[in-house]
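Heads up, the thing below is written out as structure tokens.
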Amino acid sequence: EVQLVESGGGLVLPGGSLRLSCVASGFSFSTNWMTWVRQVPGKGLEWLANVHPDGTTIYQADSLKGRFSLSRDNTKNSLYLQMNSLRAEDTAVYYCARYIEVVVGGPFFDYWGQGTLVTVSS
Amino acid sequence: QTVVTQEPSLSVPPGGTVTLTCGLTSASVSGNHFPTWLQQTPGLAPRTLIYRTNIRSSGVPDRFSGSILGSDAALTITGAQADDECDYYCVLHVGRGLWVFGGGTKLTVL
């Protein structure tokens, strides 16, 4: 059974930092792309980034560039989102998902984690 | 900036049929955007219903179907049930590995 479990969320002061983790099980993590998506409470979903299996290729939304960085540790089946200089507008539930990137047929998202809530507030 | 449009809200009577659409302000949606539809009950994680325009995820009832209708991607629910009442999001691949979500449609079954 595929499972994705996010952690690391919590309350942080504006300007602070937080590292989110997503631990995967039930599939070959090291050969799969992964995705981060966030959702401001009561609002819609926002795609943030896709991370290549080897971590070297990352596609990310412009809103992430400069403050957030992405990485993964395939030995730990883990995906990370390092968030710096956090702002109130970064308050959201952060989800990870498995991203299927194939040449034939086209890409899509399939399995989703339950999310972790980040609250940026003084 | 790419904007993906969805109806903010729709309603359908139990047993009825409803079509949700997903468009682009700057172009027509095609299969090359790999339209994906997600279902989300508030407070819970999203679930992928349809991907690559019209492929149902495992376990998704066949009352859900995806298509391209004119210049939009579409999600049609045939024979709506009470537990279909939730939020639906489409997401489109806009090139260079980038994806953009629509604002979501809140579906009411009544």
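The values are calculated or read from the model by the stated rules, or taken from the named source; none is laboratory data. None of these values were measured; they are calculated from a predicted model. Here the Cβ positions follow ideal geometry from the backbone for every residue, glycine too, while neighbour counts run over all protein chains shown. Ligands, DNA and RNA are excluded from the accessible area calculation, which covers all protein heavy atoms including side chains. Shrake-Rupley method; radii C 1.70, N 1.55, O 1.52, S 1.80 Å.
Output the residues belonging to segment A:82-96 that are outside any loop (DSSP other than H, G, I, E, B) and over 15 Å from the mean Cα position of the chain (by Cα). Steps first, answer last, please.
Our first condition is that a residue be outside any loop (DSSP other than H, G, I, E, B); within segment A:82-96, this holds for A:82-83, A:88-90, A:92-96.
Selection gives A:Ala88, A:Glu89.
I'd like to check something: does segment B:21-33 contain any residue that is in a strand (DSSP E or B), facing chain A (nearest Cβ under 9 Å) and over 11 Å from the mean Cα position of the chain (by Cα)? It would help to see each step written out before you state the result.
First, the residues of segment B:21-33 that are in a strand (DSSP E or B): B:21-24.
Restricting the remaining residues to those that are facing chain A (nearest Cβ under 9 Å) gives none.
No - not one qualifying residue is present in segment B:21-33.
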| request: Inspect all residues belonging to segment B:14-22 and state whether any of them is out of contact with any Lys or Arg (no Cβ under 8 Å at 6 or more places or on another chain), of a type in the set (A, V, I, L, M) and either farther than 27 Å from A:Val103 by Cα or open to solvent by less than 70 Å² (accessible area, probe 1.4 Å) (or both). | output: yes
| query | Could we say that B:Leu49 is within 18 Å of B:Ala82 (Cα to Cα) and open to solvent by less than 20 Å² (accessible area, probe 1.4 Å) here? | reply | yes
| said: Take B:Thr48 and tell me if it is touching a Phe, Trp or Tyr at 6+ places or on another chain (Cβ under 6 Å) and within 13 Å of another protein chain (Cβ to nearest Cβ). | reply: yes
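With the requirement that a residue be open to solvent by less than 80 Å² (accessible area, probe 1.4 Å) and not in a strand (DSSP E or B), what does segment A:56-76 give you? First the steps, then the outcome.
Residues of segment A:56-76 open to solvent by less than 80 Å² (accessible area, probe 1.4 Å): A:57-61, A:63-64, A:67-74.
Correct list: A:Thr57, A:Ala61, A:Ser63, A:Leu64, A:Arg67, A:Asn74.
Take the residues in segment A:22-37 that are in a strand (DSSP E or B) and open to solvent by 20 Å² or more (accessible area, probe 1.4 Å), then tell me which one is modelled with the lowest pLDDT.
Restricting attention to segment A:22-37, the residues satisfying the condition of being in a strand (DSSP E or B) are A:22-25, A:33-37.
With the extra rule that they be open to solvent by 20 Å² or more (accessible area, probe 1.4 Å), the set shrinks to A:23, A:25, A:33.
On the way: A:Val23: 98, A:Ser25: 98, A:Trp33: 95.
Looking at residues that are in a strand (DSSP E or B) and open to solvent by 20 Å² or more (accessible area, probe 1.4 Å), I get A:Trp33.
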| query | Considering only segment B:61-100, how many residues are under 17 Å from A:Gly44 (Cβ atoms), touching a residue at least 60 places away in the same chain (Cβ under 8 Å) and crowded, with 19+ Cβ neighbours inside 10 Å? | reply | 5
| message | Any residue that is touching a Lys or Arg at 6+ places or on another chain (Cβ under 6 Å), charged (D, E, K, R), closer than 19 Å to B:Val100 by Cβ and within 10 Å of chain A (Cβ to nearest Cβ) - is there at least one of those in segment B:73-87? | response | yes
| query | Pick from segment A:100-117 the residues that are modelled with pLDDT under 95 and more than 7 Å from chain B (Cβ to nearest Cβ): which of them is most open to solvent (accessible area, probe 1.4 Å)? | reply | A:Val103
